[in-house]
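Inspection log for the structure reproduced underneath, given as C-alpha cells.
Derivation of every value follows stated rules applied to the coordinates shown; laboratory data play no part. Source: prediction; values computed, not measured. Here the Cβ positions follow ideal geometry from the backbone for every residue, glycine too, while neighbour counts run over all protein chains shown.
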Amino acid sequence: MNSHDPVQDDEELYRNVRGKLEDKEYSIQDGKLIIEPHAFWDPAKIPDHKNPSVDRAKLKNFDPSSALLSKANGIVSINAGDVRAIGTVKTKHENEVIAEHAVDVIPDPTCDNPAHAIIIVKPELFGSKNKQKKAFSLLQIALARLATKNGWTLEPNLQQ
C-alpha cells in the first residue's frame, strides 16, 4: 500500500488525545470516557485550516503506540467510513443554509509520517471567522462522538 493511495471507508484512523484531564481533551463522566470536541483541534496547524490530523492505522502496522505524539497521550480510533457518514457540515447565514460541506478523509503524508491523513470538508469552510468556527465546531462534536463511542485504543500513560 502506498501512502498516497486514497483512504478507504474500512480504514481505521488513529487520533492522539492529550493524556491529562486538565488538557480538556477528554473527561470521565459517571465512570465513562467522554472524548471532548477540543481533542479534534490541531494547535500546530495554521488557524484558517481546520483539518484535524489522523494517522492511517494500516500504515502504522496497526500499532497505536507508533502514532503517539507524546508518551503521556492516548490514542482513539475512528473509522474513515464513519467520518464520511457524518454527512454534511452546514454554513448558515441568518438561519438559512448557504452551503453544505461534505466530510472526507484524504492522505496527507509527510517525510516524517507517511501515515498522516487529514479530515477535510469540501468545499472549504468560508464566510466570516465566526461562521467558520461554528461550522468547524459541529465537525469537532461529531468526531468526538465517534471517538467516545469507540473508547480508548491505547490509554494514556499517566505515569509520565
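Observations, loosely collected:
- Here the 3J(HN,Hα) profile of the range 103-111, calculated from phi with Karplus coefficients 6.51, -1.76 and 1.60 at θ = phi - 60°, is 9, 9, 10, 10, x, 8, x, 10, 4 Hz, Gly and Pro shown as x.
- Evaluated at q = 0.25 Å⁻¹: base-10 log I(q)/I(0), Debye formula over Cα of the range 1-60: -1.07
- Approximating the spin labels as points 7 Å out from Cα along Cα→Cβ, the ARG84-to-ASP10 distance works out to 1.3 nm.
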